[in-house]
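Have a look at the structure below, then the notes.
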Amino acid sequence: MNATDLVTRFATTQLGMAVDRGCVRWLGHSIVGLLFARLTHTAYNKPLLLTTVGAKTGRRRTVVLPFFVVGGQMAVVGSRGGMPTDPYWVRNLRAHPQAWIRIDRELKPVTAHIARAGEREPLWAAITRRAGVYLEYQRRATTREIPVVVLTPDESRRT
């Protein structure tokens, strides 16, 4: 078993999710997400920080995610390790599609949308060629289609 498998297994346990929630609450960052992104950075590029507006609270929430550039579009995957429900950040983006990304030291406003039908297939194919772990997550998440979220720069908004 390699390090990525260990991080994935830990992140999807009740303890792993509790530790990660505590880290987000007290440190402001997802340590498990950062570890996963760093361990697999050759497949995923550098991780980005995605800040969304909470669907219920209206508070800003930040997660660490791997991202993919496919055909000039930037995309992130709402896999949640193959759990049966979408991650909270996807729910937040459905309620409030305006968000912010930080790659290295650059903060940019973006507008997000969930890729549908004809748009999703080529994105999903390109992403899973680079990161096959998402195929395993999709197999686990048999009751839902894992969302692919497209992040489009929004120059009309300020950071």
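Taking 0.36 nm per residue of separation and subtracting the Cα-Cα distance, what length does fully extending Val19 through Ser156 add?
Gain on stretching Val19 to Ser156: 45.6 nm.
Give the order of Asp20, Asp154, Asp5 when sorted by the count of other beta carbons within 10 angstrom, beginning with the fewest.
Asp5, Asp154, Asp20
Exactly which chymotrypsin sites (Phe, Trp or Tyr not before Pro) in segment 101-137 are in a DSSP loop and have at most 14 other Cβ atoms within 10 Å?
Answer in residue order: no site qualifies.
I'm checking a number: the convex hull volume of the Cα atoms of segment 103-159, normalised per residue, in Å³. What is it? If you can, show how the numbers build up before the last one.
Details: hull volume 6.6 nm³, N = 57.
Output value, Cα hull per residue: 115 Å³.
Order of Glu145, Glu106 from fewest to most other C-beta atoms within 10 Å?
The order, fewest Cβ neighbours first, is Glu106, Glu145.
Can you give the Rg and Dmax of segment 42-153 based on its C-alpha atoms, in angstrom?
Reported Rg and Dmax, both Å: 13.2, 38.
FYI, it's all coordinate maths here, none of it is from the lab. Quick caveat, the model's predicted, so the values are computed rather than measured. In this analysis, Cβ positions are derived from the backbone assuming ideal geometry, glycine residues included, and neighbour counts consider all displayed protein chains.
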